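No value in this document is a laboratory result; all are computed from the given coordinates. Predicted, not measured: the structure shown is a model, and the values here were computed from it. With ideal geometry, Cβ positions are generated from the backbone for all residues, glycine too; neighbour counts draw on all protein chains shown.
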Amino acid sequence: MEPTTLLELRHLLLDTRVLTVAVLVDGDPLAGLLPFLAEPDLQSVVVHTSRLARHSRGLAVGAPHSLVIHEPDRPEHDPMALPRLIASGQVEAVSDAARPALQERWLARFASARSTLPLGDFEFRRLRLESARLILGFAQAHGIGSETLAAAAELRP
């Protein structure tokens, strides 16, 4: 894969801060908008969500998910050519041992989360990126697997 394509993938995962996640809740599809943090190896992203939110019921450990991370729409852009990553995988738990370091990284990215981190109804979930497509415009769709994610993680801009 071209270095510029890997850089775009890296940019979407590291510089974009909000994703749309689709889950199943009581057998029905449901989408939610969540802040996220990419894991350093780029194999997954982490979300911090309230169990009071309906979409959180679909984020049970082992549940399937689908997500979209994209550049914001702007009047000067063709909306069909917005760079985007569409991925699916399974929801994973975040271990108690990993939580302190994750909380530090989370606060560095989302300072306003200082008020929600201590709340008992919020929890971290890891969304594994098992199958993905990177779309950068017309005829610019790329299949993304773990090897490509690893290459993007190792790339130094």
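If one takes the longest principal axis of the Cα atoms in the chain, at what angle in degrees, from 0 to 90 and to the nearest 10, does the Cα axis of helix 99-109 lie? In the chain, helix 99-109 runs at an angle near 50 degrees to the longest axis. Local charge for ALA81 was computed over the other residues whose Cβ lies under 12 Å away, with Lys and Arg +1 and Asp and Glu -1, and equals -2.
Springs between Cα atoms under 10 Å define the GNM used for the chain, and in it the highest mean-square fluctuation of ARG128, ARG84, ARG114 occurs at ARG114. The range 51-74 and the range 138-157 have Cα centres lying 22 Å from one another. A simple count of charges around VAL91, restricted to other residues whose Cβ falls under 13 Å of its Cβ and scoring Lys, Arg +1 and Asp, Glu -1, yields +1. Between the helical axis of 3-15 and the longest alpha-carbon principal axis of the chain there is an angle of about 20 degrees. As a ratio to 2.2 N^0.38 Å, the alpha-carbon radius of gyration computed for the range 7-133 takes the value 1.05.
Note: relative contact order over the chain, using C-alpha pairs below 8 Å and six or more positions apart, is 28 percent. By the beta-carbon count within 10 Å of each Cβ, the least crowded to most crowded order of SER44, SER88, fewest first, is SER88, SER44. Counting only Cβ charges, +1 for Lys and Arg and -1 for Asp and Glu, the dipole size of the chain around its Cα centre is about 400 debye.
Near LEU149, once Lys and Arg are set to +1 and Asp and Glu to -1 for all other residues with Cβ below 15 Å from its Cβ, the sum equals -2.
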